[in-house]
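S.K.: Pasting a structure below so you can have a look.
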Amino acid sequence: MSALPNSIQARDVRYLLHPVTNARRHEETGPIVIESGDGIYVTDSDGRQYIEAMAGLWSVGVGFGEKRLADAAHRQMLKLPFYHSFSSKSNEPAILLAEKLVEISHERLQRVFFTNSGSEANDTVVKMIWYLNNARGKPQKKTFLSRLGAYHGITIASGSLTGLPTNHRDFDLPAIPVKHLTCPHYWRQGREGESEADFVDRLAQELEDVIAEAGADTIAAFIGEPLMGAGGVMPPPEGYWVRVQEICRRHDILIVADEVINGFGRLGTMFASDYYGIDPDVMVVSKQITSSYQPLAAILFSDEIYQGIADNTAKIGTFGHGFTASAHPVACAVGLENLAIIEENGLVANAKASGEVLQRELARFRSHPLVGEVRGVGLIAAVELVADKATKARFDPVGKAGAPLFGFGHEHGVIVRAIGDQIAFCPPMIIRPDEVVEMVARFERALTDTAAHLAA
Ligand code: PMP
């Protein structure tokens, strides 16, 4: 860190508490202050340039420095910088974006509610479904099913749905009725001698058992990321989602697809639900909806859910939920322009093509002594580092390899994400095949340094 007492780094340490950061360590290292971005690159306050292999936080799909999005925000700010959507007020960008989202998503998804973040969206989903079930005269039907390893946000309800110890510990979560099922990650959770198909059978049976034990009349919904992201990029086993869907439908349990990371092309299809054959009742999107140039999330849901809620508002007077900035006109204008860029520039097809290069390039590391598993689909992937390749033993402490690799990555000009010892990749969807090769080459140098560091 710059030692100057008034450097930007020193002032950061003086004033800010950072999310998901070891505050005491941060006081010593200081921040890396990112000053600007262009395409797949970002530059810090010391002038060092990095390939942003995580698109920020799985989010800057169209890349950095996209002038069309700045122009869209500028135009909308001059015309109408803010209006709320309470009490029947509306604004044109929100209406057009809702229409667009319904048009590009599954037939079943007909209605939209906007929030500012993925966490708020998932909290809203919980409240919408509770409200709906109260209205349907099923006040007992409130429990959510989720999975260990899931990430659905950090607010009280969404954080409860999340299935990660660091997001629960010392926060008194879970705080809503939720049951976390087995993480559908075959490589880690599959048992000795169990085939992938047997693993899916076991998870399906677990779901049936949990429903039978609690009673289907107590379970409101099953929420899942089609491909789990922040917990470590874990694609589900073959056939998993079709089974889950069949069981949930049979028991009148709604299916919520959390596509906050997956949505808008990440897997090489517009939505990951397309990829896995999921036909959700509710879909949550955020991040790449605006490429994170503006905070925005949307909940897409079925007309059936809408009618149940609307009927109740007719009885009690209102749907008493919403945020000051729900359907914010500037965020929605940026979202519309962003979806136009994704379409016009063929970024979903690009994610598929560059994604094939990413998966192929990373597959080379399967034989590396530190690498336990390489996994992913399209332009999202992870390389899991292990202490013992044969037994899959994790490092003790967790992060023993991931943390130094993250640092060496910076030295070699690439920003990856270390989820413990799982190294995640989720680059901007504009990335070209040759840039993927360069990104992986930089990661390889960091991996080599990590191996030397651990051996020393
Ligand atoms: N759901 C998923 C699948 C996510 O990946 C995230 C964020 N990484 C969230 C919800 C929460 O979104 P936010 O950080 O905008 O609250």
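S.K.: What percent do you get for the relative contact order of the chain when only Cα pairs under 8 Å and 6+ apart count? Kindly include the intermediate steps, with their values, before the conclusion.
M.R.: Details: 893 pairs, mean separation 89.1, N = 456.
Relative contact order comes out at 20 percent.
S.K.: For the chain, what proportion of DSSP beta bridges, expressed in % and rounded to the nearest 5, is antiparallel? Please report the intermediate quantities before stating the final value.
M.R.: On the way: 33 of 49 bridges.
Antiparallel bridges make up about 65 percent of those DSSP assigns within the chain.
S.K.: Kindly identify the chain as rounded, prolate or oblate by the Cα gyration tensor criterion: order the square roots of the eigenvalues as a ≥ b ≥ c, call it rounded if a/c is under 1.5, otherwise compare a/b with b/c, prolate if a/b is larger, else oblate.
M.R.: On the way: a/c = 1.65, a/b = 1.20, b/c = 1.38.
It comes out oblate by the Cα gyration axes.
S.K.: A follow-up question, please. Taking H placed 1.01 Å from N in the peptide plane, check which residues at least 5 places from SER302 or on another chain put their amide H under 5 Å from its amide H.
M.R.: Amide H neighbours of SER302, under 5 Å, 5+ apart: GLN110.
S.K.: Taking the Cα centre as origin and putting +1 on Lys and Arg beta-carbons and -1 on Asp and Glu beta-carbons, what dipole magnitude results for segment 211-270, to the nearest 20 debye? Walk me through the numbers on the way to the answer.
M.R.: Details: 4 positive and 8 negative charges, 32 e Å.
Approximately 160 debye in magnitude.
S.K.: Where nothing but the Cβ of Lys and Arg (+1) and of Asp and Glu (-1) is charged, how large is the charge dipole of segment 344-456 around its Cα centre, in debye to the nearest 20? Don't jump to the answer; show the numbers that get you there.
M.R.: Values: 13 positive and 14 negative charges, 55 e Å.
For this selection, approximately 260 debye.
S.K.: Amide H of ARG417: which non-local residues (sequence gap of 5 or more, or other chain) have their own amide H closer than 5 Å, using H built in the peptide plane?
M.R.: Distant-sequence amide H within range of ARG417: ALA424.
S.K.: Same structure again: Net charge near ALA387, counting Lys/Arg +1 and Asp/Glu -1 over other residues with Cβ under 13 Å of its Cβ?
M.R.: On the way: positive: LYS389, LYS392, ARG394, LYS400; negative: GLU384, ASP388, ASP396, ASP421.
Local net charge: 0.
S.K.: Sort MET77, MET228 so the one with the fewest other Cβ atoms within 10 Å of its own Cβ comes first.
M.R.: Values: MET77 13, MET228 25.
Ascending number of Cβ neighbours within 10 Å: MET77, MET228.
S.K.: Treat every Asp and Glu Cβ in the chain as -1 and every Lys and Arg Cβ as +1, leave all other atoms uncharged, and give the resulting dipole magnitude about the Cα centre to the nearest 20 debye.
M.R.: Numbers: 43 positive and 56 negative charges, 145 e Å.
Dipole of the chain, to the nearest 20 debye: 700 debye.
S.K.: In addition: Positive end of the charge dipole of segment 69-344 (Lys, Arg +1 and Asp, Glu -1 on Cβ, about the Cα centre): tell me which of GLY224, GLY277, THR155 has its Cα farthest that way.
M.R.: With unit charges placed on the Cβ atoms, the residue in question is THR155.
S.K.: Sequence-distant or interchain residues sharing an amide H contact under 5 Å with LEU181, placed H: which?
M.R.: Those qualifying (amide H under 5 Å, at least 5 residues apart or on another chain) are SER146, ARG147, LEU148.
S.K.: Using just the helices of the chain, give the 222 nm mean residue ellipticity in deg cm²/dmol: DSSP H runs with n ≥ 4 each add -39,500 (n - 2.57), and the total is spread over all residues, rounded to 500.
M.R.: That calculation yields -12500 deg cm²/dmol at 222 nm.
The numbers here are math on the coordinates, done by the rules we state, and not lab data. Remember, it's a predicted structure, so these values are computed and weren't measured experimentally. Ideal geometry is used to build each Cβ from the backbone, glycine not excepted, and the neighbour counts take in all protein chains shown.
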